[in-house]
Amino acid sequence: MAKKKKLKLRIDRVILVAIIAIIILFGLYKGIMFAVDQVSGFFAKEKPVQVEQKEKEYIATVVIDPGHGGYDAGANTKNLFEKDITLTTAKAVGKYLENQNIKVIYTRTEDIELHDDKKTDLEMRAAISKTNQAKYFVSIHVNDFDKTTDVSGFEVYTKNDESTALATSVGTYIEKLNYSKNRGIQDGKSLVVLKANTVPSILVELGYIKGKDYNYLSDNQKLEQIGEAIAKGIVDQVHKK
Ligand SMILES: [Zn+2]
């Protein structure tokens, strides 16, 4: 009898231990599942939100080349540097084009050169339009003239006949600003940055930095207007073909 009682007591204890073990295990399981949920939830938040991100549909790609940069200041006078004028103008061109669904690639967006060697620098700029299958390449510069300060006017250099329509279009819009005279379309096939290009290319000389154009070229607001004018000339041509 005593033995039986002892056995029953032991069985009761085993059952009790088993029940406690089950409770503990269940608790552990719930705890682990909760933790897993929290952790996966955390990582899910870290992932980028899955929104339909379509690549913006551009109607064309245009390379804008602010002339000079870095060690090469270009033409300069009275603390006014060609490399700064061209960058300000180029950014205004690009801003306008982007708003017209035209993809803009700049050869530089900061005060830097692309290469220590000037010719290589220019060839690298030209290569950007080929790499990106650009429709047009537009280089921006200002003129220097040492002998006289009387000279003024803007002019557009063209790589070849294929580029001349673009040059004319850009020149027409700049002329509307009436800030200086239109010196017309010039043959630019010997200019390295145009010669090395594989797409229709133009080079715009905005004016003469030491001449009558100084007041206009030293005014950032005016440069932005010139930039917009250049952009309008480009947009017209992009839509033509
Ligand atoms: Zn220049």
| message | Can you find a residue that is among the aromatic types (F, W, Y) and open to solvent by 40 Å² or more (accessible area, probe 1.4 Å) anywhere in the range 198-215? | response | yes
| remark: Of the residues in the range 52-80 that are among the small types (G, A, S) and either closer than 12 Å to V142 by Cβ or open to solvent by 30 Å² or more (accessible area, probe 1.4 Å) (or both), the one that is farthest from the ligand (Cβ to nearest atom) is A73
| task | Out of the residues in the range 81-99 that are within 13 Å of the ligand (Cβ to nearest atom) and more than 17 Å from L166 (Cβ to Cβ), state the one that is nearest to the chain's Cα centre (by Cα). | result | L87
| said: On the basis of being of a type in the set (A, V, I, L, M, F, W, C) and modelled with pLDDT of 90 or more, does V93 make the cut? | reply: yes
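If I filter the range 119-127 for residues that are part of a loop (DSSP other than H, G, I, E, B), more than 12 Å from the ligand (Cβ to nearest atom) and among the hydrophobic types (A, V, I, L, M, F, W, C), do I get at least one hit?
The answer is no, given that none of the residues of the range 119-127 is part of a loop (DSSP other than H, G, I, E, B), more than 12 Å from the ligand (Cβ to nearest atom) and among the hydrophobic types (A, V, I, L, M, F, W, C).
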| query | Pick from the range 194-232 the residues that are of a type in the set (G, A, S) and touching a Leu at 6+ places or on another chain (Cβ under 7 Å): which of them is nearest to K103 (Cα to Cα)? | reply | A231
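Restricting to the range 137-151, give me the number of residues that are among the β-branched types (V, I, T), in a strand (DSSP E or B) and either over 24 Å from the mean Cα position of the chain (by Cα) or more than 16 Å from the ligand (Cβ to nearest atom) (or both).
The number of residues fulfilling the criteria is 0.
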| request: Hey, could you check the range 84-112 for residues that are in a helix (DSSP H, G or I) and open to solvent by 30 Å² or more (accessible area, probe 1.4 Å) and say which is farthest from T61 (Cα to Cα)? | output: D84
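The values are calculated or read from the model by the stated rules, or taken from the named source; none is laboratory data. Every value quoted in this text rests on a predicted model; they were computed, and no experiment measured them. Neighbour counts run over all protein chains shown; Cβ positions are idealised from the backbone, glycine included. Each accessible area value is taken on the protein alone, full model and side chains, heavy atoms only, with ligands, DNA and RNA left out. Shrake-Rupley method; radii C 1.70, N 1.55, O 1.52, S 1.80 Å.
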